[in-house]
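Written out below as structure tokens is the structure these notes cover.
The values are calculated or read from the model by the stated rules, or taken from the named source; none is laboratory data. These numbers come from a predicted model, not from an experiment. Ideal geometry is used to build each Cβ from the backbone, glycine not excepted, and the neighbour counts take in all protein chains shown. Just the protein is used for accessible areas: all its heavy atoms, side chains included, with ligands, DNA and RNA removed. Shrake-Rupley method; radii C 1.70, N 1.55, O 1.52, S 1.80 Å.
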Amino acid sequence: MPASAAGGTGIGSTTTPGRGVPDVAGNADPVTGYQVIVDGQSEPIGGTSAVAPLWAGLIARLAQATGKRFGLLQPLLYAGVTAGAAAPGFNDIVVGDNGAYKAAPGWDPCTGLGSPNGTVLLSRLS
């Protein structure tokens, strides 16, 4: 399902519908990210190196809880999404930017559909 159904445009375009990125977001701030132990010392990490495992773990738990194999998950995540409106199962991020794009209501090229709300996603995918 292209992000265009959620109001997105193709990469490098502001008007042509197409496959937008990102689909989803997570806390990637290295200051407020995830506490890990490195060489016996606790320290926060962030970035895609932290968010990708967050999403992988969440999807694994959702699959276990529902007894389903999700495969390509994007069609399920974008199902019923309306341009400019918050997607069910996500915390819509409407403030901030990534240096190139600004966060906005609904899907945006800065935060995608938003950060996960695992409980609501579980209900939605069950």
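Filter segment 111-123 for residues that are under 16 Å from residue 62 (Cβ atoms) and in contact with a helix residue (DSSP H, G or I) (Cβ under 8 Å, 6 or more places away or on another chain); which is most open to solvent (accessible area, probe 1.4 Å)?
The qualifying residue most open to solvent (accessible area, probe 1.4 Å) is 122.
Test residue 46 against the criterion of being surrounded by 15 or more Cβ atoms within 10 Å (Cβ to Cβ) and more than 14 Å from the chain's Cα centre (by Cα), and give yes or no.
On the way: surrounded by 15 or more Cβ atoms within 10 Å (Cβ to Cβ): yes; more than 14 Å from the chain's Cα centre (by Cα): yes.
Judged against the criteria, residue 46 is a match.
Checking residue 83 against (1) open to solvent by less than 50 Å² (accessible area, probe 1.4 Å); (2) more than 14 Å from residue 24 (Cβ to Cβ): exactly one of these is not met. Which one?
(1)
Go through the residues of segment 89-110 one by one and say whether even a single one is loosely packed, with under 13 Cβ neighbours inside 10 Å and aliphatic (A, V, I, L, M).
yes
Exactly one of (1) in contact with a strand residue (DSSP E or B) (Cβ under 8 Å, 6 or more places away or on another chain); (2) open to solvent by 60 Å² or more (accessible area, probe 1.4 Å) is unmet by residue 25. Its number?
(2)
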